Structures are given as structure tokens and as C-alpha cells.
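Engineer: First the structure, then my questions, so here it is.
The values are calculated or read from the model by the stated rules, or taken from the named source; none is laboratory data. Computed from a predicted model, the values in this text were never measured in an experiment. Glycine gets a Cβ as well: all are built from the backbone with ideal geometry, and neighbour counts include every protein chain shown.
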Amino acid sequence: MLGLDGGMTFILIACVFAVCCFEFINGFHDTANAVATVIYTNSMKPRVAVVWSGICNFCGVYFGGILVAIGIIHLFPDNVLQDPMISHRLSMIFALIFTAILWNLGTWYFGIPCSSSHTLIGSIFGVGIAYGLLPDAGSFALNWNKVKDAGLALLISPVIGFVLTMGLMMLAKKYLKYKKLFAEPEKKKKPTFWVRLILIGTSTWVSYAHGKNDGQKGVGLLMIVLFALVPAQFAVNHQKQPVNLLFQVNKVSSIIDSIDVKTLSIEKRISLVVIKVKNDSLKSKLAGITNFDGLKGASTEVSDDINKVASETKKLLIVQIGEQPIPISKENRKLLEGTIQEMRTYTEYVPWWVILLISVSLGLGTMIGWKRIVVTIGEKIGKERLSYAQGASANLVTGLTIWAASEFGLPVSTTHILSSGVAGSMFATKGVKNLRAKTITNILIAWVITIPVTILLAGGLLLLFRWIF
């Protein structure tokens, strides 16, 4: 069905399994953060907490959309995943997966709250940079605009976690008179009903948000594997109809043809020409076929044409400083934007079974391996034990931050946001003297070195695999 020989079929199955392993590791590595507060405060029994968190993570991945997954895919330019040399594509995939799994396992083993997000993004950066060193590659294989957005999100989100949690704790101390909220948990004794309800609710929120963001990274990674190894089947969405795409292409052409080029800048004219050329190419390829199986080897070309039309249309509609808007009515502008958005659904999609596979992997991974990280969160960040209010505040801010980032398709780190939130809550109580310097140093070191180390490791592995192949 996929048109692969025995060897490539085995490689594909192995890569899919490896991505599921990465997401499984992500589950017991990162999601321990979501259950740390409810376990440490005796609000839920450990086994119940991790099972519940696993269910919430499953739901977060399955129902949380695909914006983050699409953002991960777009870190690579389209032509890189369609490199005609299979050795290049295999080297990229193997380097990505090996690095992500090795670094995640190592940091989990030593109980360091390191981010799976940093690990995956660093691996992608390393592969993209090393790809530029391959013969005839031409340039680094990274979409720098997307790289900048992802890098800023990973950099800023822990600061947001620290500041907002610190502020929330200060407000809570000032206005909430329920003293039990600020007490340290008693060993083996459950808190009162309302305290438990708050902690379980905020932990549930973090677990769902984690699935919505971190789980989508696994979805994006698996789609990268499928695009690279089986482009004919996954470059465009075979569940859609070519005739509908052709209809959208014709709508774009009619609007573009009505624009007076005399009023446009040189850059806009170039974009207009590219759109017309790619539209004509799409019309030629889509003419007379009833389903995308009829494209055969041209699936990647159709995908490239669609993405090029979308990106050049975006350039065409953007108004630069000192530049006049293109001569187009509001109705046509709105119609053009909606049509391009519809065309993107032919290349920006995820099959249901991919989401299900990653949902199950993350959910199952959540149910083991939580102890190392829970102890770090509960006892080793601050010099006092984590109070109920501190746990709830850190959870609430973490969930909100992750949710907001997911709505913009940005990858962030649950580990670092929550760790920073706990640190912020400790700081709000007694200032910097309430923080354990050793743990904070270890977290900061892991935060600082993860991306550089994974860049070097992934880049080195890509060159090694390329030499082997």
C-alpha cells in the first residue's frame, strides 16, 4: 500500500516505534511535574494521580488541536524533508530520534528537571545545521522565522512562570485568610476537601495542557518521519478531493489576475508572478485526477506548490513600512485569505491514527517513573517543603502559560515553567534565601546546556549516519 520494499518498511516501522518511545519517555519524564503537587501534598495517591494524569494527557493530545505539531514540522523547510537522496533523509530522522531519546533518558535518570521540548528543538536545530554541511546541500535546513519564534517561546516562558507565580502567591498571602493553604503538608495526611479540590483541579489543568503542547511535539516528530520516508502517501492529505483543491486554486487565480501590477513594488510583483506560476503548475497536475493516488510521484511537488502559493500570498498581503496596500477590495482580501487557509489544510494535517498513537504513548508513559522528579519539585527547589498554596499557584500559572502558547502553535517546556513557578512561589515567601542554590543551579545548567548539547549531538550523529549510509 505504501509502495516500500522490505528494508524501507522495516525502517519505517522502527522509526514510528522509536517516536512512540520518545513520547512514552516524555510522559514519565515531563508529566511527573503535573502530578508532583498532588502526590507531594497527599491530595491523591500516587498510582491514582499518575493514571488520572495519563488520561488527561491523552485527552490533551487527542482533542488539543495540531497547531504545535504543524509548528514543529515547519521548523524544517519543505524541500529538506523531500530531499531526493534517501541517505540524507534517513540520516536526519535517525539523528533526531536518537538524540531526543538519549538526552531525555539521561536527565530523567539523574532526576534533573530537563525539558523534552528543549531536547527535541535542540535536536532539530542540530540536524538542520549539520544538513548544511552535507555535499550539495546548499544551506542550513532550518526555517529561521519559525526557529526564532520557538527559541523565544522556550526562553521567555520560564520567566513568565516565575514572575506570575510569585505575583499570585503575594496576592494570595495578602487577601486569602485560610491559613491551611499556606501550611506545609502533613506526612501521610490528606488536606481538607477544598484544598484537595483546588490541587487536583490545577493538576488536571496542567496535565491536559501538557498533552495539548508536549504531546503535539511527538505528533509533529512522527509527521516529519512520515513526510521524509513516505512522501508520496503523506505529502498531501489523501482523505481530501483534488477537485476541491482545484476549485480553490481557480479562486486564487481569479483574484490574483484582477490585481493591477502597476501599483505594486518589485517584491510584490515577484510574489505575484510566483503565485501565478505555482497556480498554473497545480492546475496542470490536478487536471483529470479523481483522487491523490493519481498523482503518484508528484505528491511532493503539489505540496511544495501549495506551500509556496500560501507563503507568497502572505508576503503579498503584508504591508511594509512606507508601502501602500495592494489594490484589492476587503471582500476579495477576506476571500483570498480564507481560500489560502483552506488550501493549507491539504498539507497541514495529521491522520487520526497518528494522534491516537501519540496519545496512547504519552498517556502510558505518564503512569510510570514519576518519583525522581516529584521529590525534586516538592523538596529540593525551596528550603521549605512545598505548601498547598505554592503548589496550586505554580500549577495554575503553568497550565495557563502552556495553554496560551499552544493556541499560538508555540512549543514550551512544562518542566521549566513549573520548576520556575515553584521557585517563584518560594521566592514570594521568604525571598532568595528560601531557594536551594544547588537545585536551582542544576535546573539552570540543564536549561542552558540542553539545546547546545543536543545541537552538537544531533549534528554529529547526522554526519556519522550519512557517512555510514
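Engineer: Of these, ILE72, ILE13, which one is part of a helix (DSSP H, G or I) and either crowded, with 24+ Cβ neighbours inside 10 Å or touching a residue at least 12 places away in the same chain (Cβ under 8 Å) (or both)? Quick ask: steps written out before the conclusion?
Structural biologist: Details: ILE13 fails: either crowded, with 24+ Cβ neighbours inside 10 Å or touching a residue at least 12 places away in the same chain (Cβ under 8 Å) (or both).
Residue meeting the stated conditions: ILE72.
Engineer: Is there a residue in region 212-221 that is in a helix (DSSP H, G or I), assigned by TED's automatic domain parsing to the domain that holds ILE13, touching a residue at least 60 places away in the same chain (Cβ under 8 Å) and of a type in the set (A, V, I, L, M)?
Structural biologist: Narrowing region 212-221 to residues in a helix (DSSP H, G or I): 212-221.
Next, from what is left, pick out any that are assigned by TED's automatic domain parsing to the domain that holds ILE13: 212-221.
Right, trim to touching a residue at least 60 places away in the same chain (Cβ under 8 Å) and you get 212-221.
This time we only want the ones that are of a type in the set (A, V, I, L, M), so: 219, 221.
Looking for residues that are in a helix (DSSP H, G or I), assigned by TED's automatic domain parsing to the domain that holds ILE13, touching a residue at least 60 places away in the same chain (Cβ under 8 Å) and of a type in the set (A, V, I, L, M), one finds at least one in region 212-221, hence yes.
Engineer: Test GLY54 against the stated conditions and say whether it is touching a Gly at 6+ places or on another chain (Cβ under 8 Å), closer than 18 Å to LEU418 by Cβ and modelled with pLDDT of 80 or more. Explain how you work it out, then say what you get.
Structural biologist: Working: touching a Gly at 6+ places or on another chain (Cβ under 8 Å): yes; closer than 18 Å to LEU418 by Cβ: yes; modelled with pLDDT of 80 or more: yes.
Judged against the criteria, GLY54 is a match.
Engineer: Give the residue, chosen from ASN57, ASN42, ASN33, that is under 18 Å from TYR388 (Cβ atoms) and within 19 Å of the chain's Cα centre (by Cα). Before you say what the answer is, go through the steps one by one.
Structural biologist: On the way: ASN57 fails: under 18 Å from TYR388 (Cβ atoms); ASN42 fails: within 19 Å of the chain's Cα centre (by Cα).
Selected residue: ASN33, the only one of ASN57, ASN42, ASN33 that is under 18 Å from TYR388 (Cβ atoms) and within 19 Å of the chain's Cα centre (by Cα).
Engineer: Moving on. Please find, within region 325-370, the residue that is surrounded by the fewest Cβ atoms within 10 Å (Cβ to Cβ) out of those that are at pLDDT 90 or above and not in a helix (DSSP H, G or I).
Structural biologist: Restricting to residues being at pLDDT 90 or above and not in a helix (DSSP H, G or I), the top hit is THR345.
Engineer: Of all residues in region 437-467 being touching a helix residue (DSSP H, G or I) at 6+ places or on another chain (Cβ under 6 Å) and under 30 Å from ALA183 (Cα atoms), which is surrounded by the fewest Cβ atoms within 10 Å (Cβ to Cβ)?
Structural biologist: That would be THR439.
Engineer: Select from region 269-324 the residues that are aliphatic (A, V, I, L, M), part of a loop (DSSP other than H, G, I, E, B) and without any contact (Cβ under 8 Å) to a residue 12 or more places away in the chain and list them in ascending order.
Structural biologist: The initial filter retains those residues of region 269-324 that are aliphatic (A, V, I, L, M), namely 270, 272-275, 277, 282, 286-287, 289, 295, 298, 302, 306, 309-310, 316-319, 321.
Filter again for part of a loop (DSSP other than H, G, I, E, B), leaving 287, 289, 318-319, 321.
Across region 269-324, the qualifying residues are ILE318, VAL319, ILE321.
Okay, residues lined up against (1) buried (at least 24 other Cβ atoms within 10 Å of the Cβ); (2) modelled with pLDDT of 85 or more; (3) of a type in the set (Val, Ile, Thr); (4) outside any helix (DSSP H, G or I):
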position: PHE98; (1), (2), (3), (4): no, yes, no, no
position: LEU102; (1), (2), (3), (4): no, yes, no, no
position: TRP108; (1), (2), (3), (4): no, no, no, no
position: ILE112; (1), (2), (3), (4): no, no, yes, yes
position: LEU120; (1), (2), (3), (4): yes, yes, no, no
position: PHE125; (1), (2), (3), (4): no, yes, no, no
position: GLY138; (1), (2), (3), (4): no, no, no, yes
position: LEU142; (1), (2), (3), (4): no, no, no, yes
position: LYS146; (1), (2), (3), (4): no, no, no, no
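Engineer: Looking at ILE402, ILE417, ILE440 in this structure, which one is part of a helix (DSSP H, G or I) and at pLDDT below 85? Before you say what the answer is, go through the steps one by one.
Structural biologist: Numbers: ILE402 fails: at pLDDT below 85; ILE417 fails: at pLDDT below 85.
Going through ILE402, ILE417, ILE440 in turn, the sole match is ILE440.
Engineer: Still on this structure, I have one more. Restricting to region 148-172, count the residues that are surrounded by 14 or more Cβ atoms within 10 Å (Cβ to Cβ) and farther than 30 Å from PHE94 by Cβ.
Structural biologist: Adding up the residues that qualify gives 14.
Engineer: Of the conditions (1) over 22 Å from THR37 (Cα atoms); (2) free of Cβ contacts under 8 Å to residues at least 60 places away in the same chain, ARG466 fails just one. Which one is it?
Structural biologist: Condition not satisfied by ARG466: (2).
Engineer: Note down all Cβ pairs under 8 Å where the first residue falls in region 239-253 and is in contact (Cβ under 8 Å) with a residue 60 or more places away in the chain, the second is in a helix (DSSP H, G or I) and charged (D, E, K, R), and they're at least six residues apart or on different chains.
Structural biologist: Matching pairs, first to second residue: GLN248/GLU342; VAL249/LYS283.
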